[in-house]
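Q: Below are the structure tokens for one structure; questions will follow.
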Amino acid sequence: MRTATRTGLASLAMGLLAWPALAGLPASLDRVPESALVVASVRNIESFSANVNRLNAALPASNRIPLGMMGDLMGTAGLNAGGSISLALMPSPDGQPLDMDGEQGPLVVIVPVTDANAFVQGLGGTPGAGIMEVQVGDETAFAKDIGGGYVVMGPVREVVQAFSGEGGQGARHERAVGPVGLRVAQQSDTVIIANIPALRPQLEQGLEGMKEQAQMFAMMAGQQGDQVQQQMQMVEMVAGSFLRDARVGMVGLGFGETGVRVDLAANFNEGSEIGGFFDAPGDSRGVLARVPDVPFLFAGSADFSSPGMQKLMNNMTEMAMQANEGLPNAMNPATFMQGLDGIGYVIGTPGALMGGLFTNTVYYYKTSDPEAYTRNYSRMLNEMNGMQIEGMTYTTAYQGGGAQVEGQQVDTYSMSIRPNPNDPGAMQAQQMMMMMFGPSMGASGYIGKAEGGLVMTMSQNTPLMSQAMRTAENGNGLARNRSLRSVAEQMPEGATFESYIGVGSIFTTVNSFLAMMGAGMDIQVPADLAPIGIGGTTDRGGFQARVVVPTQVIETFAAMAQQFEEMNGAGEPAPAPARPRF
């Protein structure tokens with residue numbers, strides 16, 4: 001059943017949707033009872049096949065997606081190829097937790113048909129009442145007509161026989177997924193819905209297995225064992241809260257001319273603790289507009305000014321404090337988030353990879369009390385001065401009003417980290433610090449007030465700080481970048497956070513370094529290559545995150561993969577991908 005479930009859901013749920021918003025849930029979900037453990041629904045079979053084939057045309061042979069059962073059904077007489085299809089994993093007939101080691105399980109597929117008898121006959125079966133044996137590819141299946149233009153099929157006769165397929169289930173699914181989940185479904189042509197309460201025994205079993213593995217690792221980790229245990233306690237706390245409060249988890253998949261997108265969403269029980277965190281949408285785009293528009297490796301922003309997000313941030317800070325218990329406050333990243341309503345950042349493309357990865361980095365801190373934040377920051381930085389931790393000596397300094405930029409007094413700070421030459425591990429860290437910060441072996445930059453908060457650089461680059469201060473004041477920053485905006489417009493409405501991966505800048509930077517080593521790749525990267533985007537919103541007791549991969553990025557990675565295949569495979573044809581089971 002593990003194989004059937006994994007490959008069946010994967011083959012149904014690969015990459016297929018048109019970008020325009022679509023009405024409601026896929027039609028076939030109306031025939032799936034709310035008790036289903038997991039259901040994967042495709043809005044339109046023809047669109048599914050066409051989009052997968054279009055995606056495969058851009059991929060190397062070894063990475064192409066097999067259509068599996070969908071390919072077997074296409075062209076079958078009596079199939080309604082323009083209709084919706086769903087694959088559902090039903091509860092075990094005896095009410096016991098599913099045997100995840102079995103090869104078969106309570107799977108059913110609700111198939112749209114124009115003529116049920118012709119469809120059964122097209123699959124080698126004998127039309128008639130009751131259960132009919134059919135052949136789907138090289139798999140034997142059982143089918144029955146449930147009326148209303150649908151046939152239900154499955155690998156286990158008893159499961160198919162017990163499945164009523166009664167209509168009118170759509171409203172129940174809409175209530176279960178909630179407003180955020182319904183929005184995902186309306187914008188998707190393919191959705192996967194997981195019934196979290198029904199899956200809780202299996203999920204708790206998996207969490208317990210993770211806990212046992214962490215304990216074993218902690219026993220072997222020596223001095224770091226306590227930290228591993230503390231981190232696992234955080235994971236266990238978060239996962240336990242999710243299993244307690246979540247009603248459904250969802251995946252929405254999309255494929256259009258502009259690229260591929262994946263949505264992850266969850267709806268939480270009304271009045272639950274986690275649902276209370278997600279009480280309002282955010283304005284991360286407004287925060288992103290306060291960081292300068294420069295070529296970047298990574299960039300992003302978050303707005304946690306709503307009451308629910310403030311409470312969530314406080315809880316996360318407390319957990320981080322517990323997980324890092326024993327470390328000085330200055331060494332705990334969570335302490336730097338206190339007093340903030342939002343944060344934006346851009347890690348600009350460095351002049352040279354070995355000259356300091358973070359030398360062109362700018363942060364914008366959204367805060368109603370910038371003076372309190374700088375006081376706290378300077379205090380923590382000064383506490384670090386002279387500290388020796390794990391073979392590293394920290395030298396820090398903070399000077400209020402230490403420089404003038406754009407006619408304004410700004411603070412200066414510095415932090416260098418020197419390893420103990422007799423500590424091999426520390427010397428490895430030295431190489432990493434050189435790559436991140438260059439010869440200074442640490443951050444050294446400016447901090448100054450700006451509209452709605454503070455601006456900070458990670459190098460004493462006066463032109464960069466000047467640009468950052470002007471951008472923070474006028475709000476015409478990275479959010480207006482044309483290539484980024486083409487992806488940002490596909491982020492969830494009212495985004496609470498958004499991050500962007502500058503694929504073009506990353507590849508150009510890395511390839512330049514490899515070229516110096518004599519190992520560069522001959523790949524043309526478009527000058528205006530859009531970034532990969534990741535964004536999410538927190539609204540009406542639900543959570544939605546979205547990943548957007550532009551078509552040009554897919555084509556660039558496909559070209560790279562093809563070149564690797566040619567280099568490593570010496571031109572040999574790639575093996576055919578394995579065919580999914582029923």
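Q: Specify which of the listed residues (P93, P66, P127) is part of a loop (DSSP other than H, G, I, E, B), modelled with pLDDT under 75 and out of contact with any His (no Cβ under 9 Å at 6 or more places or on another chain).
A: Details: P66 fails: modelled with pLDDT under 75; P127 fails: modelled with pLDDT under 75.
Exactly one of P93, P66, P127 is part of a loop (DSSP other than H, G, I, E, B), modelled with pLDDT under 75 and out of contact with any His (no Cβ under 9 Å at 6 or more places or on another chain), namely P93.
Q: Could you please let me know if R157 is within 30 Å of N117 (Cβ to Cβ) and modelled with pLDDT of 90 or more?
A: Numbers: within 30 Å of N117 (Cβ to Cβ): yes; modelled with pLDDT of 90 or more: yes.
The answer is yes for R157.
Q: Scan segment 123-140 and report the pairs whose first residue is in the same structural domain as V160 (by TED's automatic domain parsing) and whose second residue is surrounded by fewer than 14 Cβ atoms within 10 Å (Cβ to Cβ) and part of a strand (DSSP E or B), with Cβ atoms within less than 9 Å and a gap of 6+ or a chain change.
A: Qualifying pairs under 9 Å: L123/Q135; G124/Q135; G125/Q135; E133/T140; V134/T140.
Q: Further, regarding this structure: Tell me which residues, restricted to segment 168-181, are out of contact with any Phe, Trp or Tyr (no Cβ under 9 Å at 6 or more places or on another chain) and either assigned to a strand (DSSP E or B) or not polar (S, T, N, Q) (or both).
A: We begin by selecting, within segment 168-181, every residue out of contact with any Phe, Trp or Tyr (no Cβ under 9 Å at 6 or more places or on another chain); these are 168-177, 179, 181.
If the condition is that a residue be out of contact with any Phe, Trp or Tyr (no Cβ under 9 Å at 6 or more places or on another chain) and either assigned to a strand (DSSP E or B) or not polar (S, T, N, Q) (or both), then G168, G170, A171, R172, H173, E174, R175, A176, V177, P179, G181 are the ones that fit.
Q: Would it be correct to say that A10 is under 27 Å from E489 (Cα atoms) and at pLDDT below 90?
A: So A10 fails the test.
Q: Kindly check whether there is at least one residue in segment 401-409 that is within 36 Å of the chain's Cα centre (by Cα) and not in a helix (DSSP H, G or I).
A: Residues of segment 401-409 within 36 Å of the chain's Cα centre (by Cα): none.
No, because not a single residue in segment 401-409 is within 36 Å of the chain's Cα centre (by Cα) and not in a helix (DSSP H, G or I).
Q: I've got another one for you. May I ask you to list the residues in segment 278-300 that are touching a Leu at 6+ places or on another chain (Cβ under 9 Å), surrounded by fewer than 24 Cβ atoms within 10 Å (Cβ to Cβ) and closer than 19 Å to M313 by Cα?
A: G300 - this is the single residue of segment 278-300 that is touching a Leu at 6+ places or on another chain (Cβ under 9 Å), surrounded by fewer than 24 Cβ atoms within 10 Å (Cβ to Cβ) and closer than 19 Å to M313 by Cα.
Q: Among (1) farther than 19 Å from D30 by Cα; (2) at pLDDT 90 or above; (3) crowded, with 16+ Cβ neighbours inside 10 Å, there is one condition R244 misses while meeting the rest; what is its number?
A: Of the numbered conditions (1) farther than 19 Å from D30 by Cα; (2) at pLDDT 90 or above; (3) crowded, with 16+ Cβ neighbours inside 10 Å, the odd one out for R244 is (3).
Q: Within segment 369-396, can you find the residues that are in contact (Cβ under 8 Å) with a residue 24 or more places away in the chain and closer than 13 Å to Q338 by Cβ?
A: Within segment 369-396, D369, A372, Y373, T374, N376, Y377, M380 qualify.
The values are calculated or read from the model by the stated rules, or taken from the named source; none is laboratory data. As the structure is a prediction and not an experimental result, all values here were calculated from the model. Heads up, the Cβs are rebuilt from the backbone with ideal geometry, glycines too, and the neighbour counts pull from every protein chain shown.
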